[in-house]
Amino acid sequence: MNILLKNILDACVGAIGFYLFGYAFAYGRKPGTDANGFIGNWNFALSYTTEQSFAADGNFAGAGWQQFFFQWSFCAAATTIVSGAVAERCTFGAYVAYAFFLSSFVYPVVVHWVWASDGWLSAFNTSDGGYAKILKTGAIDFAGSGVVHMTGGIAALCGAAIIGPRVGRFESNGAVNEMKGHSAVLVVMGTFLLWFGWFGFNPGSNLVIGSRVAAEIVSRVAVCTALGGGAGGFTMLVWKWLRTRAWDVVAVCNGILAGLVAVTAGCAVIEPWAAIIAGAVGALVFCGADYLTLHVAKVDDPVSAFPLHGVVGAWGVLLPGLLAKGDYVEQAYGSYGFGSTVDEGHRYGILYGGHAQVLLSQFIEVLVITAWVGALVGVFFFIVHKAGMLRVSTEEELAGLDVINYASIKNGKQYKGDSSNHSGS
Amino acid sequence: MNILLKNILDACVGAIGFYLFGYAFAYGRKPGTDANGFIGNWNFALSYTTEQSFAADGNFAGAGWQQFFFQWSFCAAATTIVSGAVAERCTFGAYVAYAFFLSSFVYPVVVHWVWASDGWLSAFNTSDGGYAKILKTGAIDFAGSGVVHMTGGIAALCGAAIIGPRVGRFESNGAVNEMKGHSAVLVVMGTFLLWFGWFGFNPGSNLVIGSRVAAEIVSRVAVCTALGGGAGGFTMLVWKWLRTRAWDVVAVCNGILAGLVAVTAGCAVIEPWAAIIAGAVGALVFCGADYLTLHVAKVDDPVSAFPLHGVVGAWGVLLPGLLAKGDYVEQAYGSYGFGSTVDEGHRYGILYGGHAQVLLSQFIEVLVITAWVGALVGVFFFIVHKAGMLRVSTEEELAGLDVINYASIKNGKQYKGDSSNHSGS
Amino acid sequence: MNILLKNILDACVGAIGFYLFGYAFAYGRKPGTDANGFIGNWNFALSYTTEQSFAADGNFAGAGWQQFFFQWSFCAAATTIVSGAVAERCTFGAYVAYAFFLSSFVYPVVVHWVWASDGWLSAFNTSDGGYAKILKTGAIDFAGSGVVHMTGGIAALCGAAIIGPRVGRFESNGAVNEMKGHSAVLVVMGTFLLWFGWFGFNPGSNLVIGSRVAAEIVSRVAVCTALGGGAGGFTMLVWKWLRTRAWDVVAVCNGILAGLVAVTAGCAVIEPWAAIIAGAVGALVFCGADYLTLHVAKVDDPVSAFPLHGVVGAWGVLLPGLLAKGDYVEQAYGSYGFGSTVDEGHRYGILYGGHAQVLLSQFIEVLVITAWVGALVGVFFFIVHKAGMLRVSTEEELAGLDVINYASIKNGKQYKGDSSNHSGS
């Protein structure tokens, strides 16, 4: 319940924040002004799109409406990743403020860097004599392993670490108490929906990248997305079976999601077998990161948002540096910052014998997203925490946020909520 | 369970009714005959479409199949609105009869009036020297705030009022007893699905309006739909918090739906900020209407179908009269009943300085839909009520319809149903 | 839980199996070699598609990616049908092995026969002087009543029969004990999702059939799919009411699904009223087959997978032989194996006065799918059964597979699962 309300709220708040400020910070560039590699500065509240919408040619405006809508869905995806990480103990006021902050400023700036044609790290930025500014490649992040997932995952880590663990999660000596999980039926259904949804996000990303709506790229992306998720799920099944001799349905779902996150950045430039490798490794990366987060760092992230989106997202960003196929890079990005020299410059994965510049670009993306999101969202949550407005009281938490906070005015009674979502004590 | 079965049943019954009669009443016009502004009269059971389907050019027929399918989905949406309003106390026979009646006659006539090129209120009717018949504008109802939602909402009011409140809903002195609500988890999931579904209905509506598949209109519609729903949800969250200091997840969902209903008529002709206003006002209109329905009119509408679809739908219909932007009206409707004189005739919202004729057209739509649906469905439910076939017996109701009525033959046992859907006693 | 995990697993395993082998068996034909009517033999692991993907023209490759993805979704649909039939008593290892076997070999061979341009039974095979090889028509199976549903349904029968009934399903004298069913809420929601999903499968099938993306065919398919499902649901409602005077929501859902299965093969070549007949008859066929399976054959198929997909699927395959309309056949298939002589050769349903060759082709499809799938999957399950690896122990089954087998490592506790999915004892 807690998470569900937050999910639906951040879609509402994010729509307004992204409309008022975010889209302008991400893509706006006032005609006649110099490009700004750091941040966009124009078309707030779609003011320009609205004006131009009825222009005779309508090219700019049409793209404007469509791109806004598509970008908003990505923004909502990034924002909502945090909701599970702070589950059961974050106040609503703090969460609403966070959602507005991320969707109107933190996330759009990352988008500007990596996806806008002005961005300093963008493969679409051809200002350096036809090449991308950074290492003559720019970062390859087709559908947002870094832009979307790492942004959400790092923010989730900040939130979960600063708000502190749920009551009873750790013993005084640091031992981890197990807590009751979520309804497995809901987890499986949610995973199915997400998997299908991913076929909207990943293949759809091609629409954003200029006007090259190449059916072939879209189809290849769909195939890689399917294989990545499948490999992640299957790997996790086997891995858990080897370790515990039990079939773990929730783990399989997490494995599928890890596989999907892992192929999100590279799905346009890798071969199908590489997608299988990416997904399988992604699932194992998730296992390791999840263990480290909980048992070593002692951070209580109830839905494993940081390991899943943050760490596996970083693996996904690095992937094209290892396994991007030259022909595919040329097909998907050749007309942008890579110039016509994808092959000459060996601008593809080092495992194909490519130059390290692609891998280095990807590594830079991992670093800057970690630093930018970690700093801003960390400071934000820290201030809210110090102001005493981040966390509900222990009494409320123990009683279960659902019982205390959710009155249904309409029915005049408090919901008892779904017991499977309560924190055990 | 009760509602779910009715939802799935009216999709079945409505498909057959709309196929046999409804589509012909809505859009049929026999070649060579005069236009009939009141009702269509041709192509029953798709007889003409079927014949022409293999014609060499295939233009009519192709459009015919596609339009039928799309219109059927709108018809099913309108029909199903009633299912919640008569929940837990309506017999299945009466509900099946209602679903057939609405989908084969009542709803198609409204469609004919407002959306068919022959309809007397339609903006697509250019029979008056190139202008629409009514006030030279016709009513602007892009995706059916009036045609779909008001039709369903008014029918829901008739049903709920005539069938009477659930046992125990009101004290003998008229005081309102609170009754246990629905599972909040299901409400939230349903809202998410509906929100996504709306992106099918609203943008898809452009396909129906002639052959102008303008990507720009579709994109603007999608943006306005997102912002309308977000603003409705956020407004409701704040409003409930101010009044009760509690976060009410079901109310947020209703607010989102109210925002969506509110922008449905105008989504093609308003600016994004107007969509935010429409959604926010829609949420507040819903609160007021909900209070009046239950506490003043003493009508027991368990899912607030009338306030949500009927009253907010009326607000949505009026909206283009206030806030339709001239340029957008010309873009979306200029080639139809508005002639080329959208600007000259000031045929846009009065808040932009437009002439009142648009607002007046919208007001006429509200009145005639209310009168037509209220009269026919009211008489229908009244007759069934007097015949004693509308309501289950008190014993059955108290025991819960689910327990009494739903035997699962296959498993040979009666379902105990989902306890969260039972009426408390 | 059991079924859900299997559903998500077979999507994972099937993706890999179909990628490695299945797609090559189904459609691969090495350039320069003779056609093989029995099985494809090329492009394993998409090796050729991958190579050619960046070719200048890209025609083959683009189609390759897209077709693979689409075909994979059909393969996953066929594979998953079995999961319910062996519910609550099959080991995971056996199920994973089955899913790999079906998706990498058994199913692709059927696809090759009926859908590939080389297949011996395919209407797309024009090697016989411009005609299809079999009876100059080939089998009409537009979206897979036979290829997908019968394959899955026959496999389900093999699995359910060989694994044996659940403990307590039958008395020692053979009387049938009723067992607690599934959550009706989940059944209804699943049916809704499937119904919508079908609009992806059936209309989408036109994309596979060569490059004739005729909007008219797609639209007609959508209309027939809607009416078939509606008629099936409504027929079942009336039938159950007449027999038991109770409204049976699960039966209505099964009726809808039966209607959908019944129109899947013929949806491109029948008229809307024929879709209604097909759906209504399909629902009754399902009732009969369900009774015979359980009470006469004494096979415990907990979700009625065989009656629904196997028997109603066979009815669906036969349908075009009875009710295919000549003009529609020419429109959808005329340029393939039917030559230009659809009308001259009376190659349409015998109820339109057509020649029996179409019906005979359909009948051949029913026979060969039954024989092929029954033999291979039957032998497979029999071997696994004899090896003692097919069924969980009685103790585990009684305790409920969900409790024994699904440990959630992450949370360190065993799930208690959803009680509504447990087998009663």
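Summary of computed values
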{"read-out": "Filtered residues of region B:94-119 (kept if farther than 30 Å from residue B:383 by Cα and surrounded by fewer than 20 Cβ atoms within 10 Å (Cβ to Cβ))", "value": "B:117"}
{"read-out": "Subset of region B:238-272 that is free of Cβ contacts under 8 Å to residues at least 40 places away in the same chain and aromatic (Phe, Trp, Tyr) - its residue that is nearest to the other protein chains (Cβ to nearest Cβ)", "value": "B:247"}
{"read-out": "Candidates A:156, A:161, filtered to the one that is out of contact with any helix residue (DSSP H, G or I) (no Cβ under 7 Å at 6 or more places or on another chain) and closer than 19 Å to residue A:101 by Cβ", "value": "A:161"}
{"read-out": "Residue within region B:307-323 that is buried (at least 21 other Cβ atoms within 10 Å of the Cβ) and within 10 Å of another protein chain (Cβ to nearest Cβ) present", "value": "no"}
{"read-out": "Residue within region B:284-299 that is in contact with a Pro (Cβ under 9 Å, 6 or more places away or on another chain) and among the acidic types (Asp, Glu) present", "value": "yes"}
{"read-out": "Some residue of region B:175-182 being basic (Lys, Arg) and either over 29 Å from residue B:386 (Cβ atoms) or free of Cβ contacts under 8 Å to residues at least 12 places away in the same chain (or both)", "value": "yes"}
{"read-out": "Unmet requirement for residue C:304, which otherwise passes all of (1) among the hydroxyl-bearing types (Ser, Thr, Tyr); (2) under 21 Å from the mean Cα position of the chain (by Cα); (3) surrounded by fewer than 21 Cβ atoms within 10 Å (Cβ to Cβ)", "value": "(3)"}
{"read-out": "Residues of region A:229-282 classified as among the basic types (Lys, Arg) and assigned to a loop (DSSP other than H, G, I, E, B), total", "value": "1"}
{"read-out": "Which listed residue is at pLDDT below 90 and surrounded by 24 or more Cβ atoms within 10 Å (Cβ to Cβ), from C:261, C:221", "value": "C:221"}
{"read-out": "Criterion violated by residue A:354 - all others in (1) modelled with pLDDT under 95; (2) in contact with a Ser or Thr (Cβ under 7 Å, 6 or more places away or on another chain); (3) crowded, with 19+ Cβ neighbours inside 10 Å satisfied", "value": "(2)"}
{"read-out": "Qualifying positions in region A:120-134 - surrounded by fewer than 24 Cβ atoms within 10 Å (Cβ to Cβ), over 17 Å from residue A:370 (Cβ atoms) and hydrophobic (A, V, I, L, M, F, W, C)", "value": "A:124"}
{"read-out": "Which listed residue, of C:174, C:204, is loosely packed, with under 15 Cβ neighbours inside 10 Å, more than 7 Å from every other protein chain (Cβ to nearest Cβ) and either modelled with pLDDT under 75 or farther than 30 Å from residue B:93 by Cβ (or both)", "value": "C:174"}
{"read-out": "Residue within region C:139-149 that is modelled with pLDDT under 80 and among the acidic types (Asp, Glu) present", "value": "no"}
{"read-out": "Every pair of residues 6+ apart whose Cβ atoms lie under 6 Å, when the first sits in region B:28-51 and is in contact (Cβ under 8 Å) with a residue 40 or more places away in the chain and closer than 25 Å to residue B:139 by Cα while the second is assigned to a helix (DSSP H, G or I) and of a type in the set (Phe, Trp, Tyr)", "value": "B:39/B:25; B:40/B:25; B:40/B:27"}
{"read-out": "Yes/no for residue C:418 being at pLDDT 80 or above, buried (at least 18 other Cβ atoms within 10 Å of the Cβ) and not β-branched (Val, Ile, Thr)", "value": "no"}
{"read-out": "Only one of A:322, A:294, A:308 that is in contact with a strand residue (DSSP E or B) (Cβ under 9 Å, 6 or more places away or on another chain) and on the phi < 0 side of the Ramachandran plot", "value": "A:294"}
{"read-out": "Condition met for residue B:34 (acidic (Asp, Glu) and part of a loop (DSSP other than H, G, I, E, B))", "value": "yes"}
{"read-out": "Single residue of region A:26-74 satisfying the filter (modelled with pLDDT of 75 or more and closer than 17 Å to residue B:328 by Cα) that is nearest to the other protein chains (Cβ to nearest Cβ)", "value": "A:46"}
{"read-out": "Count of region A:20-38 residues which are crowded, with 18+ Cβ neighbours inside 10 Å and out of contact with any helix residue (DSSP H, G or I) (no Cβ under 6 Å at 6 or more places or on another chain)", "value": "3"}
{"read-out": "Selection within region A:291-301 - surrounded by fewer than 22 Cβ atoms within 10 Å (Cβ to Cβ) and either among the small types (Gly, Ala, Ser) or not in a loop (DSSP other than H, G, I, E, B) (or both)", "value": "A:291, A:292, A:294, A:295, A:296, A:297"}
{"read-out": "Residue match in region C:323-343 (condition: at pLDDT 90 or above and under 28 Å from residue C:288 (Cβ atoms))", "value": "yes"}
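The values are calculated or read from the model by the stated rules, or taken from the named source; none is laboratory data. All figures in this text were calculated on a predicted structure; none of them were measured in a lab. Virtual Cβ from ideal backbone geometry, glycine too; neighbours counted across all protein chains shown.
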